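The values are calculated or read from the model by the stated rules, or taken from the named source; none is laboratory data. Quick caveat, the model's predicted, so the values are computed rather than measured. As a convention, Cβ positions derive from the backbone with ideal geometry for all residues, glycine included, and neighbour counts pool all protein chains shown.
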Amino acid sequence: MEENQSKRFDRWTEAKHELAMVCRNPILLATILLVSALLIVFVIYPIVQVIRVSLKPDGEFSLDTYGYLLSQWWLRQTFINSVVLGVIVATLGTIVGFTFAYALNRGDIPRKKFFRLMAQLPIISPPFMFCLSVILLLGRNGIITKQLLGLKNFDIYGLKGLVLVQTMGMFPVAFMVLDGVLQAINPDLEEGASNLGASKAKVFWTVTVPLCVPGIASSWLLVFVTSLADFANPVVISGKFDVLSVQAYFQFTGLYNMPRGSAVAILLLIPAMLAFVIERYWVSKKSYVTVTGKPTSYRIIGPSKATKSALTAVCSIISGIILLFYITVIAGAFVRLWGIDWSFTLDHFRYAWDVGKDSVRSTLVLSAWATPITGLLGMVIAFLLVRTRFPGKNILGFTSMLAFAVPGTVVGIGYILAFNQPPLLLTGTAAIIVLCFIFREMPVAIEAGVASLIQIDPSIEEASTNLGADTSYTFRCITMPLVRPAFIAGLSYSFVRSMTAVSAVIFLVSARWNHLTSLIYAQTEIMRLGAASVLSLFLIIIVVVIFGLMRVFLGEPVTRVRVGN
Amino acid sequence: MPIEHASVVLDRLVKVFAGSGRDVVAVNDVTLSIQPGELVTLLGPSGCGKTTALRMVAGFEMPTSGKVFIGGRDVTNTPPNLRNTAMVFQSYALFPHMTVRENIGYGLRFRNIAKSDAGEKVERIMELVGLSGLGDRSPNQLSGGQQQRVALARALVVEPRVLLFDEPLSNLDAKLREQMRGEIRRIQKSLSITAVYVTHDQNEAMSISDRVVVMRNGQIEQVGTPEDIYAKPLTRFVADFVGKVNFIPVSIVESGQEETSVEIFGRQMTIPKVSYSSGETHLAVVRPEELRLMPPDNGFVHGEVTSRTYLGSVVEYDLALSDGLTLMAIEYNPKAKPPFEIGDVAGVYFDLDKLHLLK
Ligand SMILES: Nc1ncnc2c1ncn2[C@@H]1O[C@H](COP(=O)(O)OP(=O)(O)O)[C@@H](O)[C@H]1O
Ligand SMILES: [Mg+2]
């Protein structure tokens with residue numbers, strides 16, 4: 001129609017209308033501007049600073065730093081090491097994660113609750129704890145290597161130790177993704193195939209696995225990013241197997257070579273970003289899981305006896321190792337000198353309390369500040385992303401999720417570089433750590449919020465607006481009560497993450513504002529493994545207690561209520 | 001309860017959604033004027049833009065172009081919370097964390113009303129819609145019909161200038177639906193409140209409205225009273241959408257002073273004068289209940305009964321004519337006459353005086 005020509009429509013007109021819509025709602029406009037400003041200053045700007053410093057070593061633009069990195073074989077090797085480690089751990093982690101997810105959803109194995117707990121425990125475990133245990137078990141004075149096997153020169157430091165601790169620590173990332181995928185796949189599909197005469201193995205390989213492929217790819221990439229960004233494990237146990245995150249740290253804080261530290265961090269950032277972008281914009285779009293809306297029924301075709309036993313065995317072994325790690329650390333806290341003097345002592349507690357009480361206090365204070373702000377800001381951003389339209393929303397969404405992809409090392413260096421001069425002179429303050437926590441942990445709060453908001457009928461909020469409430473009143477009195485479970489889940493998660501953060505915060509701690517994890521690292525460095533074990537126990541206890549308190553006072557975070565009529 | 005009567009005017013309203021790949025013109029140049037106190041229904045198939053039009057009146061969507069006036073004031077740029085419209089949503093959209101009383105009283109929080117007065121208003125409105133005694137329940141303890149009443153009460157209590165309904169009854173069973181639409185009509189009339197009502201159900205539209213607006217592909221197809229829309233549809237689409245219909249080709253032979261001579265079913269006949277010129281063929285809209293079946297020798301044409309559906313109060317017949325046309329006839333009070341059986345041949349007659357020809 002000719003007439004339609006006059007109504008021709010393009011992105012600009014759309015953007016103009018969205019803008020007009022936002023502008024007639026001042027509170028919304030102010031919120032969007034504020035959030036954007038925060039994201040620019042605390043997410044984008046620090047990364048830009050890292051890039052800038054790496055490209056301007058002496059104030060002049062130059063690629064010398066990168067030239068140096070590439071010309072030195074040992075630095076090239078560092079890069080290769082990180083990627084190789086990432087690939088191995090991503091592969092093993094995905095296999096273990098899938099085994100657990102399959103066993104729990106389709107395997108008909110006994111003690112599901114216990115195994116589910118075990119598959120999630122590593123996520124809330126303090127950093128350093130697993131490698132501490134591994135050293136106590138398999139190190140030079142390890143109880144297994146030295147006491148049981150009598151090995152003299154066994155060396156757990158290096159790639160094999162790293163693969164062990166990272167796989168154990170990171171398979172839960174894959175488990176969570178694949179657990180969700182398997183729960184969402186309608187078992188009728190598999191049942192249908194088996195009714196058609198396909199054997200159990202055939203159903204698995206031709207129906208279940210293909211449906212899981214996008215989920216498996218997602219898991220692999222997420223574990224890869226996690227392994228790449230890991231600092232705590234390699235700094236303790238990598239030995240001569242140098243990786244990027246540790247190298248960046250030593251260049252930056254050990255050698256005070258900021259341009260080179262920054263450049264190494266950028267080398268770390270590139271593969272991490274790549275994996276993240278592939279995961280988010282390609283793999284997760286490919287998921288063709290059939291969500292039926294009703295919970296999975298229990299008409300699950302049981303696997304064969306042999307499969308069931310095998311699944312149970314694998315899950316038991318992995319869970320056994322995790323429990324062994326915990327037991328070892330607890331034992332380590334009470335043994336005078338591991339591997340040499342096995343007598344019982346409380347000295348480590350006395351010592352740990354002496355050196356650690358300030359850190360415990362400051363860690364708690366820092367986390368207590370960061371947690372509610374993260375939860376609230378995350379929910380506000382989730383609300384903006386799900387419920388409002390404004391120009392640039394996609395960019396805001398991407399930026400707010402960026403922290404998922406940016407390794408902590410890059411963030412730590414970025415914060416140091418970005419906030420070391422007025423007007424944002426934050427170095428050495430509590431604020432710099434709190435801000436770092438907020439913007440690093442926000443993505444999870446946002447995701448929880450988004451997941452919960454898209455389940456709530458938007459007309460509930462529209463009804464509120466329609467009856468006269470403005471956006472902020474609606475958010476406070478309607479949205480927040482409805483997304484409460486997700487909000488609490490976001491709070492719990494960001495609290496744990498604040499308590500157990502290492503890779504970024506290690507750059508930001510100061511004498512006045514130390515973090516427990518950085519103290520554990522220092523104790524491990526000087527081989528006071530007993531004290532390090534005690535401090536890890538402190539961390540575990542605090543996390544468990546606060547988790548419990550949050551449940552008591554704020555309600556159950558896990559129950560997902562479906563709201564709407 | 002005195003409510004300020006407000007007119008609603010949509011002026012050349014257009015809404016385009018930028019879709020991925022192709023843009024969707026949801027509302028395409030809609031102009032409509034609604035009188036104070038009038039209940040106007042937007043009727044049309046799913047996807048024709050009814051909801052979008054309604055949401056522009058409420059302020060949830062910003063028109064791509066065009067304007068919305070409420071009570072003579074241009075509200076195109078007024079945010080929804082300041083428009084004083086009240087919407088009854090298809091999903092009811094009750095606040096699940098509030099009691100019935102809190103739900104209904106919610107809108108009064110923004111209207112400078114003393115707490116005691118607000119409580120009184122809520123009680124009165126609960127009585128009006130038949131919810132007395134349920135004030136302390138939570139919405140999920142109510143039946144669908146009761147939830148519907150809460151949604152209605154919540155909208156009424158704020159004394160809005162315009163009431164907006166988006167398929168409010170589509171989640172109720174047939175019986176309740178009829179009862180509720182009667183009540184909505186009664187309450188709307190007794191408060192003489194301006195209302196815009198969206199539905200895809202023609203029976204609902206016919207029974208509840210002062211005027212019906214039939215929409216198609218974002219455009220208005222026809223505006224008129226229910227009687228007009230049914231008896232004098234302007235287009236084939238309207239005739240087809242509103243009720244069951246036979247389209248019978250009518251060729252104009254000659255237009256006289258008072259009468260027009262036409263050919264129907266190959267027979268020359270005269271009908272009251274129409275303004276079409278000779279030689280043209282137009283479709284006549286004949287409703288099934290206008291057809292009368294008689295013994296084969298009577299009527300204008302005869303056809304074979306191909307199906308018969310007995311529905312209690314009526315019997316529906318399908319007839320196949322020798323020229324390939326099929327007709328549908330509805331006979332009321334089936335007991336009064338011996339029925340036709342499948343395979344019988346019946347004569348068909350209808351009143352030529354009221355024949356309605358489409359353009
Ligand atoms: N928010 C939206 N974004 C994109 N397209 C939309 C949106 N809302 C409605 N549409 C499209 O506009 C058209 C009209 O929709 P709607 O007004 O809901 O129709 P109705 O209420 O008559 O069923 C449909 O094609 C629908 O897909
Ligand atoms: Mg609709």
List every residue pair whose Cβ atoms sit under 8 Å apart, with the two residues 6 or more apart in sequence or on different chains, where the first one lies in the stretch B:106-118 and is more than 19 Å from B:PHE95 (Cα to Cα) and away from chain A (no Cβ under 11 Å) and the second, anywhere, is exposed (fewer than 10 other Cβ atoms within 10 Å of the Cβ) and among the β-branched types (Val, Ile, Thr).
none
If I filter the stretch A:467-490 for residues that are over 30 Å from B:ARG109 (Cα atoms) and modelled with pLDDT under 90, do I get at least one hit?
yes
Please find, among B:PRO36, B:PRO96, the residue that is within 13 Å of another protein chain (Cβ to nearest Cβ) and of a type outside the set (Val, Ile, Thr).
B:PRO96
Quick one: what pairs do we get from the stretch A:103-114, first residue modelled with pLDDT under 85, second charged (D, E, K, R), C-beta under 7 Å, 6+ apart or different chains?
A:GLY107/A:LYS308; A:ASP108/A:LYS308
Selection status of B:GLU127, charged (D, E, K, R), at pLDDT below 95 and surrounded by fewer than 22 Cβ atoms within 10 Å (Cβ to Cβ):
yes
For the stretch B:32-57, how many residues are more than 10 Å from ligand 1 (Cβ to nearest atom) and under 15 Å from B:GLU167 (Cα atoms)?
3
In the stretch B:137-181, the residues that are within 16 Å of ligand 2 (Cβ to nearest atom) and of a type in the set (Ser, Thr, Tyr):
B:SER170
The one condition A:LEU274 fails out of (1) at pLDDT below 85; (2) part of a helix (DSSP H, G or I) is (1)
Only residues that are part of a helix (DSSP H, G or I) and basic (Lys, Arg): list them for the stretch A:330-387, please.
A:ARG350, A:LYS357, A:ARG361, A:ARG387
For the structure I just gave you, tell me whether B:GLY71 is over 30 Å from B:ASP136 (Cβ atoms), touching a residue at least 12 places away in the same chain (Cβ under 8 Å) and away from chain A (no Cβ under 11 Å).
yes
Can you tell me which residue in the stretch B:69-104 is surrounded by the most Cβ atoms within 10 Å (Cβ to Cβ), limited to those that are in a helix (DSSP H, G or I) and at pLDDT below 95?
B:PRO80
Being within 16 Å of ligand 1 (Cβ to nearest atom), touching a Pro at 6+ places or on another chain (Cβ under 6 Å) and away from chain A (no Cβ under 14 Å) narrows it down to one residue among B:VAL212, B:VAL238, B:VAL242; which is it?
B:VAL212
Scanning the stretch B:10-31 residue by residue, those at the interface with another protein chain (Cβ under 10 Å from one of its Cβ atoms) and more than 11 Å from ligand 1 (Cβ to nearest atom) turn out to be B:VAL14, B:ASP29
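Residues checked against (1) surrounded by fewer than 20 Cβ atoms within 10 Å (Cβ to Cβ); (2) under 32 Å from the mean Cα position of the chain (by Cα); (3) on the phi > 0 side of the Ramachandran plot:
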{"residue": "A:VAL41", "(1), (2), (3)": "yes, yes, no"}
{"residue": "A:LEU55", "(1), (2), (3)": "yes, yes, no"}
{"residue": "A:ASP64", "(1), (2), (3)": "yes, no, no"}
{"residue": "A:VAL84", "(1), (2), (3)": "yes, yes, no"}
{"residue": "A:THR94", "(1), (2), (3)": "no, yes, no"}
{"residue": "A:PHE100", "(1), (2), (3)": "no, yes, no"}
{"residue": "A:PHE114", "(1), (2), (3)": "yes, yes, no"}
Subset of the stretch B:48-64 [at the interface with chain A (Cβ under 7 Å from one of its Cβ atoms) and either more than 16 Å from ligand 2 (Cβ to nearest atom) or not in a helix (DSSP H, G or I) (or both)]
B:PHE60, B:MET62, B:THR64
Being farther than 15 Å from A:ALA486 by Cβ, in contact (Cβ under 8 Å) with a residue 12 or more places away in the chain and not hydrophobic (A, V, I, L, M, F, W, C) is the filter here; which residues of the stretch A:428-460 pass it?
A:GLY428, A:THR429, A:ARG440, A:ASP457, A:PRO458
Can you spot a residue in the stretch A:376-397 that is β-branched (Val, Ile, Thr) and in contact with a Phe, Trp or Tyr (Cβ under 6 Å, 6 or more places away or on another chain)?
no
Kindly provide the set of residues from the stretch B:213-227 that are aliphatic (A, V, I, L, M) and either more than 8 Å from the chain's Cα centre (by Cα) or more than 16 Å from ligand 2 (Cβ to nearest atom) (or both), ordered by number.
B:MET215, B:ILE220, B:VAL223
Looking only at the stretch A:472-517, filter to residues that are within 13 Å of chain B (Cβ to nearest Cβ) and in contact (Cβ under 8 Å) with a residue 60 or more places away in the chain; which one of those is surrounded by the fewest Cβ atoms within 10 Å (Cβ to Cβ)?
A:SER472
Residue among A:VAL134, A:VAL225, A:VAL213 that alone is at negative phi and within 16 Å of the chain's Cα centre (by Cα):
A:VAL225
For the structure I just gave you, tell me whether B:SER33 is within 23 Å of B:ASP210 (Cβ to Cβ), more than 16 Å from ligand 2 (Cβ to nearest atom) and among the small types (Gly, Ala, Ser).
yes
Of the residues that make up the stretch B:237-257, is at least one surrounded by fewer than 22 Cβ atoms within 10 Å (Cβ to Cβ) and under 24 Å from B:PHE89 (Cβ atoms)?
no
In the stretch A:53-83, the residues that are without any contact (Cβ under 8 Å) to a residue 24 or more places away in the chain and closer than 20 Å to A:SER245 by Cα:
A:LEU55, A:GLY67, A:LEU70, A:SER71, A:GLN72, A:TRP73, A:ARG76, A:ILE80
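For every residue, the table says whether it meets (1) within 16 Å of ligand 1 (Cβ to nearest atom); (2) touching a residue at least 60 places away in the same chain (Cβ under 8 Å); (3) within 30 Å of B:PHE69 (Cβ to Cβ).
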| residue | (1), (2), (3) |
| --- | --- |
| B:PRO139 | no, no, no |
| B:LEU156 | no, yes, yes |
| B:PHE165 | yes, yes, yes |
| B:ASP173 | no, no, no |
| B:GLU178 | no, no, no |
| B:ARG186 | no, no, yes |
Among the residues of the stretch A:448-471, how many are in contact with a helix residue (DSSP H, G or I) (Cβ under 8 Å, 6 or more places away or on another chain) and within 11 Å of chain B (Cβ to nearest Cβ)?
14
Of everything in the stretch B:182-201, what is among the β-branched types (Val, Ile, Thr) and away from ligand 2 (no atom under 16 Å from the Cβ)? Give them in sequence order.
B:ILE184, B:ILE187, B:ILE193, B:THR194
